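Q: Quick one: the structure is below, questions incoming.
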């Protein structure tokens, strides 16, 4: 399968997703505006990085979390599709992780005629519940299941009823907190999960190699969905659901830097930034460092 024909020098266009309805703390909805205010995303001589818009839940859809998440997901899918079709690199900044349903539905729509979408899901959690298995009822614990075609029709049907991801093209990195129901779903589907125990045993570089092999194999392009709670909260406290023992910023920056100028790398999202919990803007700076890692600093070798 040929990668999506895009230029390594395409603009990075930032789309804010002010999603808080899917999480227990709605402060995540303020994450995109805070990150824009802190100016943590930077141009380089070779890469223009600019804010496009911050999307919000339409007023008429704010009656229930399900309606709010679905409505914002539809708007986000359309915006991501437009940016990618125009030749830009969409960088979605959340907001809670429920926005991923919209992000990757939009990318799927653009790639569908060329082949499947691959996705690396970097997260402390599996985010693979449905309403039948969730102990909390929070939709930010469901987006990966929805993208795989499992869950509430209002969510799985965003931008089309078909599943947006195939299990063989998806993997998770950094998992260390999950419940039996979501683990059973991913196990049944055959989705590869690289938990923290494996990362500590093998090293993140080797795990990232294995992840790239999965998302590149037979796909038209791949993306990265980055939940900031994958990072260790001792370093990065500004998230809603911190879990001890996560990735350190430096090792993740080193891994992501390998994606610079990769034409098959088509989109990225960074989610779950909670400005109310961020001491000294440390986690905001981490988000900036993760984007800097994928931004080319010099021309690609010929």
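The values are calculated or read from the model by the stated rules, or taken from the named source; none is laboratory data. Note that the coordinates shown come from a computational prediction; the quantities given were computed from them, not determined experimentally. No Cβ is skipped: glycine too gets one built from the backbone with ideal geometry, and neighbour counts run over all protein chains shown.
Q: Which condition number in (1) without any contact (Cβ under 8 Å) to a residue 40 or more places away in the chain; (2) in contact with a helix residue (DSSP H, G or I) (Cβ under 7 Å, 6 or more places away or on another chain); (3) under 22 Å from residue 161 (Cα atoms) is the one that residue 51 fails?
A: With (1) without any contact (Cβ under 8 Å) to a residue 40 or more places away in the chain; (2) in contact with a helix residue (DSSP H, G or I) (Cβ under 7 Å, 6 or more places away or on another chain); (3) under 22 Å from residue 161 (Cα atoms) applied to residue 51, the lone miss is (3).
Q: Related question: Just the residues that are in contact with a helix residue (DSSP H, G or I) (Cβ under 7 Å, 6 or more places away or on another chain) and surrounded by fewer than 20 Cβ atoms within 10 Å (Cβ to Cβ), please, taken from the range 219-241.
A: 235, 237
Q: Residues that are buried (at least 17 other Cβ atoms within 10 Å of the Cβ) and more than 14 Å from the chain's Cα centre (by Cα), at least 2 per element: which strands (runs of 3 or more DSSP E) completely within the range 1-113 meet that?
A: Fully inside the range 1-113 and qualifying: 12-17, 49-55.
Q: Among residues belonging to the range 282-302 that are more than 18 Å from residue 92 (Cα to Cα) and at pLDDT below 95, point out the one that is surrounded by the most Cβ atoms within 10 Å (Cβ to Cβ). So that I can check it myself, show each step before the final result.
A: Going through the range 282-302, the residues more than 18 Å from residue 92 (Cα to Cα) turn out to be 282, 296-302.
Those still in the list that are at pLDDT below 95 too: 296-302.
Details: 296: 15, 297: 11, 298: 10, 299: 11, 300: 12, 301: 5, 302: 3.
That would be 296.
Q: With the condition kept exactly as written, say whether any residue in the range 129-147 is farther than 20 Å from residue 76 by Cα, crowded, with 19+ Cβ neighbours inside 10 Å and within 17 Å of the chain's Cα centre (by Cα).
A: Initially, the range 129-147 is screened for residues farther than 20 Å from residue 76 by Cα, giving 129-137.
So of that shortlist, the ones also crowded, with 19+ Cβ neighbours inside 10 Å come out as 129, 133.
Restricting the remaining residues to those that are within 17 Å of the chain's Cα centre (by Cα) gives 129.
Yes, because at least one residue in the range 129-147 is farther than 20 Å from residue 76 by Cα, crowded, with 19+ Cβ neighbours inside 10 Å and within 17 Å of the chain's Cα centre (by Cα).
Q: Next question. Look through 236, 168, 269 and report the one residue that is modelled with pLDDT of 95 or more and out of contact with any strand residue (DSSP E or B) (no Cβ under 9 Å at 6 or more places or on another chain).
A: Details: 168 fails: out of contact with any strand residue (DSSP E or B) (no Cβ under 9 Å at 6 or more places or on another chain); 269 fails: out of contact with any strand residue (DSSP E or B) (no Cβ under 9 Å at 6 or more places or on another chain).
Just one listed residue meets the conditions, 236.
Q: Being farther than 20 Å from residue 170 by Cβ and free of Cβ contacts under 8 Å to residues at least 12 places away in the same chain, is that true of even one residue in the range 93-110?
A: no
Q: Give just the number: which of (1) closer than 20 Å to residue 134 by Cβ; (2) surrounded by fewer than 17 Cβ atoms within 10 Å (Cβ to Cβ) does residue 190 not satisfy?
A: Here residue 190 clears every test but (1).
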